[in-house]
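The values are calculated or read from the model by the stated rules, or taken from the named source; none is laboratory data. Since the model is a prediction, treat every value here as computed from it, not as a measurement. With ideal geometry, Cβ positions are generated from the backbone for all residues, glycine too; neighbour counts draw on all protein chains shown. Remember, those area values only see protein heavy atoms, side chains included, never the ligands or the DNA or RNA. Shrake-Rupley method; radii C 1.70, N 1.55, O 1.52, S 1.80 Å.
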Amino acid sequence: MLTGIHLLLTYMCNLECDHCFVYSGPNAKGTFTLSQIKEVLNEATKIGTINWIYFEGGEPFLYYPIMLEGIKIAHSIGFEVGVVTNAYYATSEEDIELWLQPLIESGISDLSISDDSFHYEEEKDDPAKLALSVAKRLGMPADSICIDKPTVETGIDKDQDKGALVIGGGAMFRGRAVEKLVEGLPKRRWEEFTECPYEDLKEPERVHVDSFGNVHICQGLSMGNMWKTPLSKLIENYNADSHPIYGPLVRGGPALLAKEYNIKHEEKYVDACHFCYLLRLSLIDRFPQYLAPRQIYGLE
Ligand code: SF4
């Protein structure tokens with residue numbers, strides 16, 4: 001049952017992290033207008049099962065007044081509202097209060113702050129830690145999200161035998177992470193990747209929406225365009241089996257996607273997402289309405 005909608009308020013970000021799976025950066029296009037946010041919230045109400053609305057990106061604080069107004073409207077409708085941020089604005093305790101207090105007054109239920117070596121490698125006064133401490137002092141429900149650089153350990157992976165090499169750190173090998181992080185990591189044969197390990201593609205609990213209208217379960221893989229078909233209808237009519245990309249992924253993971261479209265590929269990949277992402281990249285011109293936006297694939 002779908003219970004959450006995550007608005008990618010903007011693809012723009014002040015940072016350009018190696019692990020970013022939506023390829024955000026200072027020049028990334030695609031930001032919601034307030035009227036588009038209202039339309040999403042209106043549709044979310046029609047769906048009837050949505051409890052949570054998240055504002056994320058990119059970096060949503062780059063469009064602070066629009067984000068704040070969106071939070072207020074979502075809260076007034078009765079949704080729980082969360083925000084994901086990298087806390088780039090956290091320069092001093094006094095200033096952070098000015099950024100966060102209006103969110104508290106708007107009824108925010110969760111602030112997730114990215115705090116890891118991708119975001120703040122060598123900063124002595126880590127803005128994320130400072131922001132988190134101020135948020136907690138103000139009584140705000142807040143926590144940090146930490147993704148480390150990939151590590152290779154011997155251990156037990158759910159798909160592998162004891163003693164196999166396991167990749168730690170939590171980065172997802174999609175988007176810019178494929179360009180920046182896979183080199184030197186151990187790989188496994190493509191036939192092993194027979195399921196999507198991270199997302200319930202058949203009955204998702206949350207979707208991501210962007211200002212171009214794409215409705216993604218996994219970022220870059222759209223079930224349809226909500227500016228052409230209302231979001232509530234897209235959700236109501238969604239059937240993974242009849243979707244040209246989700247269908248094969250549900251039936252047999254990236255391995256089946258490769259077979260069904262007879263895609264030329266390498267013998268080995270780091271994980272299912274690495275394989276899946278590169279297969280989708282090779283299908284992008286064939287299914288432009290579903291493999292979108294192109295910028296998530298590092299393309300213009
Ligand atoms: S990239 Fe493919 S395998 Fe990985 S979470 Fe997304 S849909 Fe699943």
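Net length available on complete extension from residue 101 to residue 148 is 13.9 nm, with 0.36 nm assigned per residue and the Cα-Cα distance removed.
Between residue 264 and residue 229, the FRET efficiency estimated from the beta carbon spacing at R0 = 45 angstrom works out to 0.85.
Per the helix-only calculation at 222 nm, which mean residue ellipticity applies to the chain, given -39500 (n - 2.57) for every DSSP H run of n ≥ 4 and division by its residues, nearest 500 deg cm²/dmol? Per the formula, -9000 deg cm²/dmol.
Between residue 166 and residue 64, residue separation times 0.36 nm minus the direct Cα-Cα distance comes to 32.7 nm. Rolling a 1.4 Å probe across the protein heavy atoms gives the chain an accessible surface of 47 Å² per residue. Exceeding 30 Å between C-alpha atoms, which entries from my cross-link table qualify? They are 29/149; 187/259; 38/129; 72/233. Violating the 30 Å limit, Cα to Cα: 38/129. Overall, the accessible surface of the chain at a probe of 1.4 angstrom is composed of carbon and sulfur to the extent of 49 percent.
Gain on full extension, evaluated as 0.36 nm per residue between residue 285 and residue 38 minus their Cα-Cα distance, stands at 85.8 nm. Measuring nothing but how far apart in sequence close Cα pairs (under 8 Å, 6+ apart) lie, relative to its length, the range 1-74 scores a relative contact order of 45 percent.
Over the chain, the pair-distance histogram of Cα-Cα distances with 10 Å bins from zero comes to 6, 26, 33, 25, 9, 1 percent, rounded to whole numbers. Once C-alpha pairs closer than 8 Å and six or more residues apart are averaged by separation and normalised to the residue number of the chain, the relative contact order reads 20 percent.
The string of couplings for the range 175-185 from the Karplus curve (6.51, -1.76, 1.60, θ = phi - 60°) is x, 5, 4, 5, 6, 9, 10, 7, 4, x, 7 Hz, one whole number per residue in order, with x for Gly and Pro. For the pair residue 117 and residue 206, label points projected 7 Å from Cα toward Cβ lie 2.6 nm apart.
In order along the range 190-199, phi translates into HN-Hα couplings of 4, 5, 6, 8, 9, 7, 7, x, 10, 10 Hz, rounded to whole numbers, per the Karplus curve 6.51 cos²θ - 1.76 cosθ + 1.60 with θ = phi - 60° and x for Gly and Pro.
Cα axis of helix 64-77 to longest principal axis of the chain: angle in degrees, 0 to 90, nearest 10? Here the helix axis deviates by roughly 90 degrees.
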